[in-house]
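The values are calculated or read from the model by the stated rules, or taken from the named source; none is laboratory data. Small disclaimer: the values here were computed from a predicted structure and weren't measured. Ideal geometry is used to build each Cβ from the backbone, glycine not excepted, and the neighbour counts take in all protein chains shown.
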Amino acid sequence: MTWFAERVLAWHDTHGRRDLPWQKEQTPYRVWVSEIMLQQTQVEVVRPYFERFMERFPNLAALAAADREDVLRLWAGLGYYARARNLHLAARQARHGLPDTLAGLVALPGVGRSTAGAILAMAHGRRAAILDGNVKRALARFHGVSGHPGERVVEQTLWAHAEAHTPSERPGDYAQAIMDFGATLCRRANPACSICPVAARCVARAAGRQAELPTPKRAKPLRERRTRAFLLIGPDGACFLERRPDDSIWGGLWSPPERSLDTDVAAFAEEWNIEVERALSPPTTRHVFTHYRLLVTPHCLWVRERPAGAPSGEGYVWHRPEDGRKLALSALAANLLAGLDGGFALE
């Protein structure tokens with residue numbers, strides 16, 4: 001066992017977190033779900049989602065048998081919805097049991113090398129390296145690795161360090177320890193170097209480069225996209241929603257129809273051949289995604305009757321919350337429906 005691994009494990013034995021819900025029973029299924037949820041998402045955000053998910057889908061068979069709508073509904077608000085779609089697809093592919101080899105795990109949708117390593121180490125007790133964002137940061141600083149971790153050569157270097165430090169003894173404990181270490185001590189901002197168990201040999205600390213490493217990705221200004229959304233409200237109070245394509249934002253979730261910014265209420269009414277009795281335009285909403293910022297100008301349109309020309313089929317629905325059907329709603333749809341229920345329509 002390397003000096004680094006020894007020190008990190010010793011620190012974790014005394015100071016590591018023990019109350020995380022996925023630590024209570026580290027089955028392959030629970031480790032897998034938690035690792036997918038924790039991708040690009042903080043622990044405290046994930047905690048309640050994981051607990052609700054386990055209550056509804058306590059095992060692989062339950063998730064495999066579930067309707068995708070139920071999976072997406074429980075995921076709503078956690079973001080990066082491809083994770084939920086891949087999780088459900090992978091459960092159906094592996095309904096009789098998750099693979100117990102690295103090759104078998106990475107063949108599943110949404111499972112990468114680090115997630116597979118976490119499952120093997122924490123659920124099976126096998127020596128398998130992990131390299132999530134927290135681990136990348138800790139190893140980049142300790143070894144003084146320059147360059148953005150997303151670059152192929154830099155990532156390969158960090159994987160080599162991760163493999164070298166992963167011990168044969170207690171690999172599951174080490175996997176949890178190194179993730180905790182990166183999350184709570186070797187933080188992105190204000191790392192706790194004064195109490196760090198490996199500070200004595202940390203290259204970044206010796207050179208005063210903690211703030212420089214790992215090298216950040218060159219920032220690009222966020223593109224901005226503008227659109228309009230039209231929430232049709234029928235005479236019975238039902239709202240027209242469409243399911244978003246899987247390869248779009250809010251993929252698989254229900255949302256109001258969108259149109260270009262130059263489509264005003266009159267143009268939309270003409271397109272759908274509807275008679276608008278009343279219209280309300282709530283404030284423009286902003287949604288920030290990884291690569292761009294989306295500004296949505298919403299319109300709520302009360303119509304005399306449901307338009308005959310409205311699309312129909314699996315991807316469309318007239319929805320009334322009081323009917324009891326629970327839909328996986330986009331943030332936009334959820335906000336608009338909450339606003340209707342909360343009375344902004346009466347302003």
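Tabulated data for the structure shown
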read-out	value
Top-ranked residue in segment 183-205 [being touching a residue at least 40 places away in the same chain (Cβ under 8 Å) and assigned to a helix (DSSP H, G or I); ranked as surrounded by the most Cβ atoms within 10 Å (Cβ to Cβ)]	Ala204
Answer residue from segment 73-89, given it is of a type in the set (A, V, I, L, M, F, W, C) and out of contact with any helix residue (DSSP H, G or I) (no Cβ under 8 Å at 6 or more places or on another chain) and is nearest to Thr27 (Cα to Cα) among those	Leu89
Residue ID - nearest to the chain's Cα centre (by Cα), chosen from residues in segment 304-331 that are part of a helix (DSSP H, G or I) and surrounded by 16 or more Cβ atoms within 10 Å (Cβ to Cβ)	Ala331
All positions within segment 277-287 that are surrounded by 17 or more Cβ atoms within 10 Å (Cβ to Cβ) and either hydrophobic (A, V, I, L, M, F, W, C) or modelled with pLDDT under 90 (or both)	Leu280
Residues satisfying the stated conditions in segment 239-268, i.e. within 17 Å of His299 (Cβ to Cβ) and touching a residue at least 60 places away in the same chain (Cβ under 8 Å)	Cys239, Phe240, Leu241, Glu242, Ser255, Pro256
Enumeration of residues in segment 10-50 that are in contact (Cβ under 8 Å) with a residue 60 or more places away in the chain and either of a type in the set (S, T, N, Q) or part of a loop (DSSP other than H, G, I, E, B) (or both)	Gly16, Arg17, Gln23, Gln26, Thr27, Gln39, Gln40
Boolean, Ala177 is crowded, with 21+ Cβ neighbours inside 10 Å, touching a Leu at 6+ places or on another chain (Cβ under 9 Å), farther than 30 Å from Ala338 by Cβ and assigned by TED's automatic domain parsing to the domain that holds Leu120	yes
Qualifying residue in segment 66-83 (condition: among the acidic types (Asp, Glu), within 19 Å of Ile249 (Cβ to Cβ) and surrounded by fewer than 18 Cβ atoms within 10 Å (Cβ to Cβ))	yes
Tally of residues being touching a Lys or Arg at 6+ places or on another chain (Cβ under 8 Å) and either at pLDDT 95 or above or of a type in the set (Lys, Arg) (or both) across segment 1-23	3
Residue tally, condition closer than 19 Å to His124 by Cβ and surrounded by fewer than 18 Cβ atoms within 10 Å (Cβ to Cβ), over segment 149-166	1
Unmet requirement for Ile274, which otherwise passes all of (1) touching a strand residue (DSSP E or B) at 6+ places or on another chain (Cβ under 6 Å); (2) exposed (fewer than 12 other Cβ atoms within 10 Å of the Cβ)	(2)
Segment 288-303 - residue that is surrounded by 12 or more Cβ atoms within 10 Å (Cβ to Cβ) and at pLDDT below 90 and, of those, farthest from Gly251 (Cα to Cα)	Tyr292
Any hit, segment 129-152, residues being in contact (Cβ under 8 Å) with a residue 40 or more places away in the chain and over 20 Å from Ala204 (Cβ atoms)	yes
